[in-house]
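Laboratory data are not the source of any read-out in this text; all were calculated from the coordinates shown. If you're wondering where the values come from, they're calculated on a predicted model, not measured in any experiment.
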Amino acid sequence: MRQWFWVLDAFIVVAFAVIGREDHGFVSDLWDYARVAAPFLFGLGLTIVILRSWRQPLRLRTGFLLALGTLGFGMLLRRFVWDDGTATTFVVVAAGFFVAGMVGWRLVALGVRKVLARRTPAAA
């Protein structure tokens, strides 16, 4: 799991782009989804490297900081490189989605880990 945590975080970012485009009723193709997701995926990658989050990928703190970094870098890239909007409501919704998703799957993983640890017989 340690080396694959970023796949789940990237899934959160892509899900945000797809759900957002679909929810607003935009006619979208793969390029449109990629255009929305790309700045945030770059932001996620940059944050992973800065935090060295592969060291403790399941910590809730890691998820929270990854969500904030993804949001911050993603919005900066979206505004200044992609030349797209960063309306306040968009920032708030993205923040909520990223925090809920990136912290949420870690909460589930930690809960599953705890349940499995209780079910494993103690070493003799």
Need one number: the % of Cα-Cα pairs in the chain sitting beyond the 20 Å mark. 45 percent
Over the chain, calculate the relative contact order: mean separation of alpha carbon pairs under 8 Å at least 6 apart, over the residue count, as a percent. 28 percent
